[in-house]
Amino acid sequence: MSQEPVQLEAAFARFDEQWSPRIVTTVNDYDVRIAKVSGDHVWHAHQHTDEFFLVLDGELSIALREDGTERVVTLPAGSVFTVPRGVEHRPSAAAGAKILMLEPSGTVTTGEHADTADGTVPSHQGIALDSR
Ligand code: NI
């Protein structure tokens, strides 16, 4: 992993794929990932890890299913939120957003139970910024 500084706006300019996080650096065994997002992600959960979100630009909504109820948290730019491990969630950004996530390296973007059959949301473990 590069030890050079990463300027986030320059990093965002290097890719256009939605919901397809790029790994900009690592902290111990965690990835710092950035993503461009638009529209709806899929419902999913990460059974073994919390998932941290920081909204850099735009607005992100995250629907959550907890204790048999559903709610939506709204995160304007500058907001942080952590989805607890095991909680089903579906991020959305009707007007698009740029986000930063912190999660253990290897965490799959769609968790363990996502329905990605329609192929609209990529499923992977984060892509190195230098990769295409
Ligand atoms: Ni997630």
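The values are calculated or read from the model by the stated rules, or taken from the named source; none is laboratory data. None of the values given here were measured: they were computed from a predicted structure. As a convention, Cβ positions derive from the backbone with ideal geometry for all residues, glycine included, and neighbour counts pool all protein chains shown. Remember, those area values only see protein heavy atoms, side chains included, never the ligands or the DNA or RNA. Shrake-Rupley method; radii C 1.70, N 1.55, O 1.52, S 1.80 Å.
Taking the options T26, T120, name whichever one is outside any loop (DSSP other than H, G, I, E, B), more than 12 Å from the chain's Cα centre (by Cα) and away from the ligand (no atom under 11 Å from the Cβ).
Only one candidate qualifies: T26.
Per the listing L102, L56, the residue uniquely within 17 Å of I127 (Cβ to Cβ) and within 13 Å of the chain's Cα centre (by Cα) is L102. Figure legend. Inter-residue proximity from the range 101-115: first residues modelled with pLDDT of 85 or more, second residues among the small types (G, A, S) and part of a loop (DSSP other than H, G, I, E, B), beta-carbon distance below 8 Å, spacing 6+ or different chains. Indicated pairs: S105/G126; T107/G126; V108/S123; T109/S20; T109/S123; T109/G126; T110/S123; G111/A45. Listed conditions (1) open to solvent by less than 80 Å² (accessible area, probe 1.4 Å); (2) touching a Lys or Arg at 6+ places or on another chain (Cβ under 8 Å) are all met by G86, apart from (2).
Of the residues making up the range 60-71, those that are open to solvent by less than 90 Å² (accessible area, probe 1.4 Å) and closer than 18 Å to D40 by Cα number 5. Is it the case, given these coordinates, that P91 is modelled with pLDDT of 95 or more and farther than 22 Å from T120 by Cβ? No, not satisfied. Please go through the range 10-23 and pick out each residue that is in a helix (DSSP H, G or I) and over 18 Å from A93 (Cβ atoms). Within the range 10-23, A10, A11 meet the criteria.
Across the range 37-57, the qualifying residues are those that are open to solvent by less than 30 Å² (accessible area, probe 1.4 Å) and away from the ligand (no atom under 12 Å from the Cβ), and the one among them that is farthest from L8 (Cα to Cα) is G39.
Counting only residues that are open to solvent by 20 Å² or more (accessible area, probe 1.4 Å), touching a Leu at 6+ places or on another chain (Cβ under 9 Å) and hydrophobic (A, V, I, L, M, F, W, C), which one in the range 89-115 is farthest from the ligand (Cβ to nearest atom)? For the range 89-115, the residue satisfying everything is L100.
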